[in-house]
Every structure is written in C-alpha cells, then in structure tokens.
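Here's the structure, in structure tokens; my notes come after.
The values are calculated or read from the model by the stated rules, or taken from the named source; none is laboratory data. Predicted model, so just to flag it, every value in this text is computed and none were measured. Glycine gets a Cβ as well: all are built from the backbone with ideal geometry, and neighbour counts include every protein chain shown.
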Amino acid sequence: MSISTGKELIEKITDKADDFLERLKNALRGKTSDNKPKESSELVKKLKELEESYLLSLTGDNKTLEEVVPESLGLEKKEYNAKSDEEIKSIAEQELSPEYEEKKNKLLKDKETKIDKLETQIDELGTELEEDKLSVHNKQEELKNSHISDMIMNGLTNSTIKDEGIKDIEEYTLNSLKKINENYDKKVSDIKAKITSYELEYGDALLNYDVKYAANLEKKIASLKKEEEKRLKEISDYNIDVYEREEKYSRERPELVKKYYEERQNKIAENRSNLDNLTTEEMRLQEQNDRARALDEHLATMDRENAHDELVFYGLNVIASIGIENYLKLVKKYDNDK
C-alpha cells in the first residue's frame with residue numbers, strides 16, 4: 001500500500017470516526033448499531049471458525065467431527081444371491097464332466113482301435129480267399145491240361161478214362177473251394193465274435209462309468225449345497241453383526257459427539273492460554289494473513305455493501321483476528337465510496 005493511498009484511507013476512516021467508534025463499542029457489547037446480536041453475524045461466526053481452526057492446528061488437533069466421530073462405522077452388509085439347485089447342479093457337472101468325458105472318449109477310442117484291427121483282418125482274409133480260389137482254379141486247369149495230354153499220348157482221347165479223370169479233377173476243385181470257404185467263414189466268424197465281445201465290454205464299461213458318474217455327481221451336489229448353506233449362514237451372521245454394531249454405535253454417537261466438542265473446546269481454551277508459548281511473531285503474522293485470505297473469500301460470497309457493513313460493525317473482532325493492516329485492506333476493498 002502506498003503512503004498516499006494509506007493517508008486517504010485513514011482520512012476516510014477519520015471522517016467516519018464517531019460512527020465507527022460507536023459501532024466498535026457496540027461490537028464490544030455484542031451488538032451492532034441496529035441491535036443485532038453479534039452471534040448472528042456470518043462474519044463473526046467465520047472469525048470464530050478461523051480462530052478455532054488455528055488454535056487447534058497449533059497442536060495438530062484440528063480433526064473434523066466426521067474424522068473423529070463419523071456418521072457411521074462405515075460397515076457394509078454383504079450382498080449375496082443364493083445359488084439355485086439348477087445352478088449348483090450345473091457347477092457340479094462342470095467340475096466332473098471333463099474327467100468323465102475323457103474316460104468315455106478313451107474307452108471309445110480303445111474299442112474302435114481294437115475293432116478296426118479286427119475289421120482289417122477280415123479284409124485281409126477276403127483278399128486271401130480270392131487268391132486261394134484263383135490258385136485252386138489255376139491248379140484245376142493245370143491238372144486238366146496234364147490229364148488230357150496224357151490221354152492223347154496214350155490214345156485214350158475218347159475213352160471214359162479221360163472223362164472220369166476230368167470229373168475227379170473238378171470234384172477235387174469243388175472240395176478244395178469248399179474247404180477254403182469253410183476256413184474263411186470260420187475265421188471271419190471268430191473275428192466277428194471278438195468284435196461283438198469288444199462291443200459288449202465297451203457297453204458294460206460305459207454303463208459302469210455312467211453309474212459312477214451319477215453317484216459322484218449326486219455326492220458333489222450334496223457337498224456344494226452344504227457349502228452354500230455354510231456360506232449363507234456366514235453372510236447372515238456377518239450382516240447381523242454389522243447391523244448390531246452400527247445400531248450400537250448409532251446409540252452411542254450422540255455422547256461421542258458431545259465428548260468431541262467438549263474436548264475440542266478444552267483444547268481451544270488450553271491452546272489459547274498457551275498461545276504465546278506455542279507460536280512466534282512470524283507464525284502469528286502468517287496466520288493472520290492466512291485468516292485474511294480465508295475471510296476475503298467468505299466476504300466475496302456476500303453482498304458488497306453488507307460485507308463492508310459487517311467489517312465496520314465488527315471491526316474489533318476482525319482486527320483481533322487478522323491484524324490492522326489486513327483489516328484496512330479489506331475495508332478499502334469492500335468500500336462502495338472508493
């Protein structure tokens with residue numbers, strides 16, 4: 001602030017000295033010029049708030065009511081949707097099905113591997129059968145040709161001996177083919193019997209798996225239901241405990257709030273009496289400046305004329321809180337006549 005500006009302000013205040021002093025006297029008596037009680041002033045309340053905050057901050061005790069005595073303990077009930085029987089069954093199936101399906105697939109694969117080998121053997125027997133038949137027919141032709149050649153050499157071309165020999169050869173061929181077919185049929189029948197046996201073994205093993213799976217599934221469902229009941233009881237017990245603790249705290253809170261304010265006021269009084277020992281001059285000046293800034297922010301929310309009147313009405317209170325220099329700056333800032 002320049003010297004000239006300071007003089008002008010002092011002159012203006014001097015011109016209003018009588019009114020100002022009268023209002024300051026009223027302020028000391030807790031009244032304004034219109035007999036308004038000091039406690040009803042927003043500015044006085046703000047000054048008191050700033051002073052208490054400052055005094056409490058000196059010893060690190062400036063905790064809010066919400067920090068010390070919150071509205072509640074902040075305990076939250078647990079929300080849980082109980083699983084239905086269908087959901088529990090689905091969970092059990094998801095846990096057991098992979099192993100069950102793996103065993104079934106292995107069982108099926110083993111059966112198919114065995115049967116594939118046997119069916120391959122049948123195919124091979126069929127090939128052998130055709131080769132054996134061809135060999136018999138070839139042998140038949142060979143024997144016939146040899147027999148006819150012998151008959152020609154011996155001049156028996158038209159004899160019954162030739163015809164009987166061919167007949168014997170054909171009968172031999174038929175008997176040979178019959179034996180070959182019978183041997184083939186027996187081998188194929190044996191193989192098909194093994195295939196049927198494997199199919200029956202597979203069916204029995206699959207049925208056994210199904211029975212075990214059904215039993216394990218039932219056991220698993222019972223276990224999951226028991227766990228679900230236990231979980232529901234734990235949540236219910238927890239929520240009851242939360243309710244009881246919160247309800248108990250709600251009953252005790254008024255007394256805790258009362259105790260908070262009592263201890264707060266005792267600490268304020270103690271710090272006020274020890275103010276000189278707790279702070280240095282530099283700290284007090286800094287605090288005055290901090291209060292002035294906070295007060296200025298508060299005044300800025302008010303009507304300009306009302307803010308100025310409040311500063312004048314409660315000048316002593318303001319000066320005691322923020323110091324004369326900060327006070328004069330605020331008076332000038334909110335003076336409508338400047």
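Restricting attention to the stretch 307-338, the residues being under 55 Å from the mean Cα position of the chain (by Cα) and more than 19 Å from L285 (Cβ to Cβ) number 1.
May I ask you to verify whether Y327 is buried (at least 20 other Cβ atoms within 10 Å of the Cβ), at pLDDT 85 or above and of a type outside the set (K, R)? Answer is yes for this residue.
Y238 falls short of the stated requirement of being surrounded by 12 or more Cβ atoms within 10 Å (Cβ to Cβ), in a helix (DSSP H, G or I) and over 23 Å from the mean Cα position of the chain (by Cα). Only one of the numbered conditions (1) surrounded by fewer than 15 Cβ atoms within 10 Å (Cβ to Cβ); (2) part of a helix (DSSP H, G or I) is not met by N81, and that is (2). Being within 30 Å of D123 (Cβ to Cβ), out of contact with any Lys or Arg (no Cβ under 6 Å at 6 or more places or on another chain) and not assigned by TED's automatic domain parsing to the domain that holds E52, is that true of even one residue in the stretch 206-226? Checked against the condition, which is being within 30 Å of D123 (Cβ to Cβ), out of contact with any Lys or Arg (no Cβ under 6 Å at 6 or more places or on another chain) and not assigned by TED's automatic domain parsing to the domain that holds E52, the stretch 206-226 yields at least one hit. Restricted to the stretch 289-338, the set of helices (runs of 4 or more DSSP H) holding at least 2 residues that are among the small types (G, A, S) comprises 315-322.
Residues that are over 20 Å from I191 (Cβ atoms) and either assigned to a helix (DSSP H, G or I) or at pLDDT below 90 (or both) do occur in the stretch 119-134, at least one of them. Candidates are the residues of the stretch 209-242 that are free of Cβ contacts under 8 Å to residues at least 60 places away in the same chain and among the acidic types (D, E); the one that is farthest from E101 (Cα to Cα) is D241.
Any residue at all in the stretch 64-71 that's in a helix (DSSP H, G or I) and surrounded by fewer than 13 Cβ atoms within 10 Å (Cβ to Cβ)? Yes, that holds for at least one residue. Name every residue in the stretch 278-318 that is surrounded by 14 or more Cβ atoms within 10 Å (Cβ to Cβ), hydrophobic (A, V, I, L, M, F, W, C) and more than 15 Å from E52 (Cα to Cα), in order of residue number. Across the stretch 278-318, the qualifying residues are L285, L299, M302, A307, L311, V312, F313, L316.
The residues listed here are E201, E170; of these, the one that is among the acidic types (D, E), closer than 21 Å to K139 by Cβ and surrounded by 13 or more Cβ atoms within 10 Å (Cβ to Cβ) is E170.
Of the candidates E262, E246, the single residue that is modelled with pLDDT of 85 or more, in a helix (DSSP H, G or I) and surrounded by fewer than 14 Cβ atoms within 10 Å (Cβ to Cβ) is E262. Scanning the stretch 54-74 for residues being modelled with pLDDT of 75 or more and at negative phi gives a total of 11.
Any residue in the stretch 200-218 that is over 30 Å from K77 (Cα atoms), of a type in the set (S, T, N, Q) and within 60 Å of the chain's Cα centre (by Cα)? Yes, that holds for at least one residue. Checked against the criterion of being β-branched (V, I, T) and within 30 Å of S84 (Cα to Cα), the stretch 189-200 has no qualifying residue. All of (1) of a type in the set (K, R); (2) at pLDDT below 75; (3) not in a helix (DSSP H, G or I) hold for K25 with one exception: (3). Does the stretch 195-204 include one or more residues that are of a type in the set (A, V, I, L, M, F, W, C) and touching a residue at least 60 places away in the same chain (Cβ under 8 Å)? So far as the stretch 195-204 goes, yes, one or more of its residues are of a type in the set (A, V, I, L, M, F, W, C) and touching a residue at least 60 places away in the same chain (Cβ under 8 Å).
Look at (1) under 30 Å from E102 (Cβ atoms); (2) exposed (fewer than 15 other Cβ atoms within 10 Å of the Cβ) and you find that D185 fails only one, number (1).
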